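Chemist: Supplied in structure tokens, the structure appears directly below.
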Amino acid sequence: MKKNIFALVAFLALVLVSCNESPYMPAPGDNRFNLDSIPVVMPDTNGIEISVDEAIAICRSMTPGAETAEMYKLSGVLTKNTTTPISVPGSYKNINFNLSDNGNKTSIACYYTNNLYNRQFYRSSDVPRVGSKLTVIGALTNYNGTPEMTKGFIVRIDSMVAPPPFPGCPEPGEDEISVSKAVEIALALPSRKASAEAYNIMGVVTEILEFSVSNGNATYIISDGKSYFEIYRGAGLNGAKLTSEEQIQPNDTVTINAKVQNYSGLPETSGTCKILRSTNPEL
């Protein structure tokens, strides 16, 4: 009898754990990282304090592949998420992003960066979003001409930008599929294999990961309130270039036309991607 009870308890525990496993955000518009205790400061972190521009100059003066023995401390604004937040903690437990001095266009790539106290990231809601003000510490390197900080971790958070609360998403039309359906199709594909067919995917923009004026495109996340999908370097209306950040904003309801792919477990668009419809009046 005792063995049967133990087996039943173990089975229920396994079911509960498996049900909680998810590579996506815990909930749309999760704002848990808007901490009341900001600024968050790690005491006693030794490092040479310099500006991001000074760090870039040091990297460019180095032989490609070389790395500093000293640890440097940089403060700035996160201008680009190279690691999609929805892949944490599914595919990644440390993150990649670009850090820039306030008001400057030049940035340094911070690769494989850990969280406070040099700990890994275990929740998507802990990942700093674009516009967050951070201080990081790490070694500097010249990676084939690209200035980088490696072996780093966050030591101070002055502000954290959260995606807005999810406003809800309408049902897709006859010629559209939902974000959840797009995720299902993408993840059924072999890794890094694109679909043969392009789909019209309807969802709500939850956050912008990168906007490129020079290329006229943006990388952003859309959701239907259940699943998340990355629009990778998507163009504007009917394939035209995006000309201003106002043309693609969180809470826009958009219909995207693109092929989909399974990018190492991350559902995202592949190849040409354009907006067919949008509620944004600036587009």
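None of the figures in this text is laboratory data; all of them are computed from the coordinates on show. It should be emphasised that the depicted structure is a prediction, and the values quoted were computed from it without experimental measurement. As a convention, Cβ positions derive from the backbone with ideal geometry for all residues, glycine included, and neighbour counts pool all protein chains shown.
Chemist: Which distance in nm do the two modelled labels at residue 159 and residue 50 give, with both placed 7 Å along the Cα-to-Cβ direction?
Modeler: Calculated label separation equals 2.7 nm.
Chemist: Right, another one. What does the charge add up to near residue 86, with Lys and Arg as +1, Asp and Glu as -1, over the other residues with Cβ less than 10 Å from its Cβ?
Modeler: Numbers: positive: none; negative: 207, 230, 268.
Around residue 86, the surrounding residues sum to -3.
Chemist: Tell me which DSSP H helices of the chain clear both cut-offs, 18 Å or more of axial length from alpha-carbon atoms and a mean Kyte-Doolittle hydropathy of at least 1.0. Could the numbers behind the result be given before it?
Modeler: Values: long enough: 2-20 (28 Å, 1.59).
Helices meeting the span and hydropathy rule in the chain are 2-20.
Chemist: Just the Kirkwood number for the range 196-235, please: inverse of mean 1/r across all distinct Cα pairs, in Å, one decimal.
Modeler: Mean inverse Cα-Cα distance, inverted, gives 10.9 Å.
Chemist: Which of the residue pairs 80/133; 181/274; 133/226; 93/133; 73/133; 105/133 have a Cα-Cα distance greater than 23 Å in the structure shown?
Modeler: Details: 80/133 12 Å; 181/274 18 Å; 133/226 29 Å; 93/133 20 Å; 73/133 14 Å; 105/133 15 Å.
Exceeds cut-off: 133/226.
Chemist: Placing unit charges on C-beta atoms (Lys and Arg positive, Asp and Glu negative, everything else neutral), compute the dipole magnitude of the chain about its Cα centre in debye, rounded to 20. Mind dumping the intermediate values first?
Modeler: On the way: 23 positive and 28 negative charges, 162 e Å.
Roughly 780 debye for the chain.
Chemist: Quick one: dipole size for the range 177-278, taken about the Cα centre, charges +1 on Lys/Arg Cβ and -1 on Asp/Glu Cβ, in debye to the nearest 20.
Modeler: Using Cβ point charges on Lys, Arg, Asp and Glu, the range 177-278 gives about 360 debye.
Chemist: Shifting gears a bit: How far is it, in nm, from the label point at residue 150 to the one at residue 226 when both lie 7 Å from their Cα along the line to the Cβ?
Modeler: Reported label-point gap for residue 150 and residue 226 is 4.3 nm.
Chemist: Still on this model: Of the listed values (1) 0.98; (2) 0.94; (3) 1.02, grab the one calculated as Rg/Rh (Cα atoms, Kirkwood Rh) from the structure here.
Modeler: Answer by label: (3).
Chemist: For the range 109-246, I need the span (max minus min coordinate) of the C-alpha atoms along each principal axis, in Å, sorted largest to smallest.
Modeler: 52, 35, 32
Chemist: Moving to a separate point now. Multiply the residue separation of residue 215 and residue 69 by 0.36 nm, subtract the distance between their alpha-carbon atoms, and state the gained length in nm to one decimal. Display every interim value, and only then the final one.
Modeler: Details: separation 146, 0.36 × 146 = 52.56 nm, distance 3.65 nm.
Value of the extension gain: 48.9 nm.
Chemist: Among 120, 131, 260, whose Cα lies farthest out toward the positive end of the dipole of the chain, if unit charges sit on the beta carbon of Lys, Arg (+1) and Asp, Glu (-1)?
Modeler: Positive-end residue among those listed: 120.
Chemist: For labels at residue 243 and residue 143 in the simple 7 Å Cα→Cβ model, what's the distance in nm?
Modeler: 3.5
Chemist: Further question on the same structure: Calculated from DSSP H runs of 4 or more alone, at -39500 (n - 2.57) each and per residue, what is the 222 nm mean residue ellipticity of the chain, nearest 500? Provide the component values of the computation, followed by the final result.
Modeler: Values: 3 runs with 38 residues, N = 283.
When only DSSP H runs of four or more count, the value is -4000 deg cm²/dmol.
Chemist: Where Rh denotes the Kirkwood radius from the mean inverse Cα pair distance, what is Rg over Rh for the range 177-278?
Modeler: Numbers: Rg = 12.3 Å, Rh = 13.1 Å.
With Rg and the Kirkwood Rh in hand, the quotient comes to 0.94.
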